[in-house]
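Data first, discussion second: the structure below is written as structure tokens.
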Amino acid sequence: MQYMGKLEFAGKSVVITGAAAGMGKAITVNFLKNGATVVAVDVNESALDALGRELKENSTEDIVKNFIPFVGDISRQEVNEEMIEKAVRATGEINVLVNNAGVAGHSEPVTETTNEDWNRIIDINLNGPMYAMRAAVNKMLRQENGGSIVTIASVAGIKGCRSSVAYSVAKHGLVGLCEHTAYAYMHKGIRSNIVCPGAIRTGMTSKPELESEFGRSRIMSGMDPQFVFGDTADIAEAVLYLASDRAKFINGARLVVDGGISCN
Ligand SMILES: NC(=O)c1ccc[n+]([C@@H]2O[C@H](COP(=O)([O-])OP(=O)(O)OC[C@H]3O[C@@H](n4cnc5c(N)ncnc54)[C@H](O)[C@@H]3O)[C@@H](O)[C@H]2O)c1
């Protein structure tokens, strides 16, 4: 058995979607600090530029050199294929995919859901990760050491009552996508795991005025009134662990990271 050094991802390439803000940013910085080469994908070009500047000001040369920003909308199939190619070009392999990017609805139930909202949320939160997973697994199957995929779902992916209907359906779908992939390729050295965050302080949770009143009261129903929020670092640590060889026998797991709120 080897003792783990700090740079356990040195020489590995990692693709992270939604990398410019919130959890994606924390996940990106954590992988960079652990030696990875990161293809950081985000639709928000200025936020990605700002992250690049922040890294230059606060990090070592190696970290800056290993940061590969890529502007793209993950609801488009070709963006997902290009981001995986970029990782392979950088290090020769794609070792880790983190499906993180997602958008929330406004807690609408089915009667208040427009086709436009439904399609946008399903496209970004479910179709995009499927395109990414297919592109990554196709490469990982040809690699000697397979690879690891970590997908950010939500507690709304295991309970039907904590978000808009489109969001909940997309996140339930992600759980199915990840578990299916875990089982289908378990003899091929490819692991696929799911992180289900509860409430984490990010841009996504800082706009309560966007919530529909009907939906919000349902989201909060039965919850502890002293709502517990987590930090992006809590999610970044869970993702790093699941992606690493330390979790080599963990495949198809749903790791709930919510401080306990869903235990009611
Ligand atoms: N914040 C929470 O409490 C919470 C809870 C459970 C699950 N989640 C999930 O965690 C993930 C990250 O959420 P967050 O709170 O950090 O969100 P956030 O809004 O703070 O950041 C999301 C990032 O994804 C990017 N993005 C959005 N659409 C994109 C697209 N089409 N293509 C590429 N990039 C895109 C945004 O530009 C942004 O940088 C999401 O999948 C979200 O559903 C969040």
Enumeration of residues in region 30-48 that are away from the ligand (no atom under 13 Å from the Cβ), in contact (Cβ under 8 Å) with a residue 40 or more places away in the chain and touching a Leu at 6+ places or on another chain (Cβ under 8 Å): Asn30, Phe31, Asn34
Return the residue satisfying two criteria in turn: it lies in region 100-123 and is of a type in the set (Val, Ile, Thr) and surrounded by fewer than 21 Cβ atoms within 10 Å (Cβ to Cβ), and of such residues it is nearest to the ligand (Cβ to nearest atom). Val103
Checking the condition open to solvent by 30 Å² or more (accessible area, probe 1.4 Å), without any contact (Cβ under 8 Å) to a residue 24 or more places away in the chain and within 13 Å of the ligand (Cβ to nearest atom), which residue from His172, His187, His180 passes? His172
So is Leu97 farther than 19 Å from Val165 by Cα and buried (at least 19 other Cβ atoms within 10 Å of the Cβ) or not? yes
Among residues of region 67-89, those that are away from the ligand (no atom under 13 Å from the Cβ) and farther than 18 Å from Ala236 by Cα, counted: 8
Could you tell me whether Glu8 is without any contact (Cβ under 8 Å) to a residue 40 or more places away in the chain and of a type outside the set (Phe, Trp, Tyr)? no
Consider region 164-216. How many of its residues are modelled with pLDDT of 95 or more and in a loop (DSSP other than H, G, I, E, B)? 5
Look through region 220-242, keep the residues that are within 11 Å of the ligand (Cβ to nearest atom) and open to solvent by less than 50 Å² (accessible area, probe 1.4 Å), and return whichever of them is modelled with the lowest pLDDT. Gly230
Looking at Ile194, is it of a type in the set (Val, Ile, Thr) and touching a His at 6+ places or on another chain (Cβ under 8 Å)? no
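The values are calculated or read from the model by the stated rules, or taken from the named source; none is laboratory data. Since the model is a prediction, treat every value here as computed from it, not as a measurement. Note: ideal-geometry Cβ built from the backbone for every residue, glycine included; neighbour counts use all protein chains shown. Keep in mind that these areas ignore ligands, DNA and RNA; they rest on the heavy atoms of the full protein, side chains included. Shrake-Rupley method; radii C 1.70, N 1.55, O 1.52, S 1.80 Å.
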